[in-house]
Amino acid sequence: MHLADGVLGPAMVAVTYTASAAGIAYGIKKTDNDDIPKIALMAGTFFAASLISIPIPPSSVHPLLCGLIGIILGGKSALAFFPALFLQALLFQHGGLTTLGANTILLFVPALVSSLLYRKLKLKALVKGTIVGALSVVMTVLILIGILFLTDERFAAGDFSVIKILILTHLPLVLIEGILTGAAVQFLEKTKTDWIHERE
């Protein structure tokens, strides 16, 4: 899911960096000192989890956690994603520095929507957490498809196009992230209610 250097053109790099900067500024505006440990914990969790590679032929995927992180951090999610992605690119060449803005947006937008959706749904925590977790993966893939298609239409060309492979390999992750997010928020609703229901 991490876009590598060289995939995006200069115009898309500029647009996505600008959008991610706006997301970071929005998060900083909403953050107070009490939020910093939680943001740091989510950044560390994402950093570790998204380095796990799950082989799904003909490619591989990794956990995204944008649904869960969105439910916990809401509009502050970019503050967790950006530094984690930066360190991954710097230390492991996982992703890239020119695509850092795009990779942040790929996660931040679904995280923000997940936060809003979780609060709107009038269902049990397990059910709505599962729905939100699954949809967050779908949103991330759709945004990625849009970015790739706008960069170069050849990403969608052919029976084994990059976009078709992305869709097929991420279908199992929709189920995995749904179950994981549902179980996590059910636990948090019982033990750390303020992490989910605090006023942003």
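So here's what we get for this one:
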read-out	value
Qualifying residue in the range 14-28 (condition: of a type outside the set (Gly, Ala, Ser) and touching a Lys or Arg at 6+ places or on another chain (Cβ under 9 Å))	yes
First in the range 60-71 and surrounded by 24 or more Cβ atoms within 10 Å (Cβ to Cβ), second anywhere and in a loop (DSSP other than H, G, I, E, B) and at pLDDT below 95, Cβ under 7 Å, 6 or more apart	Leu64/Met1; Leu64/Ser50
Exclusive hit being over 24 Å from Leu148 (Cβ atoms) and either surrounded by fewer than 20 Cβ atoms within 10 Å (Cβ to Cβ) or of a type outside the set (Lys, Arg) (or both), set Leu41, Leu100	Leu41
Matching residues, the range 151-200, being over 24 Å from Pro63 (Cβ atoms) and either modelled with pLDDT under 85 or of a type in the set (Phe, Trp, Tyr) (or both)	Glu153, Arg154, Ala156, Ala157, Gly158, Asp159, Phe160, Ser161, His197, Glu198, Arg199, Glu200
Unique match (being under 13 Å from the mean Cα position of the chain (by Cα), closer than 23 Å to Tyr17 by Cβ and surrounded by fewer than 22 Cβ atoms within 10 Å (Cβ to Cβ)) among Leu107, Leu135, Leu142, Leu112	Leu142
Pairs where the first residue, in the range 1-23, is under 14 Å from Thr104 (Cα atoms) and the second is aromatic (Phe, Trp, Tyr), C-beta under 6 Å, 6+ apart	Gly23/Phe108
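The values are calculated or read from the model by the stated rules, or taken from the named source; none is laboratory data. Keep in mind that this is a model prediction, so the values were computed, not measured. FYI the Cβ positions are ideal-geometry reconstructions off the backbone, even for glycines, and counts take in every protein chain you see.
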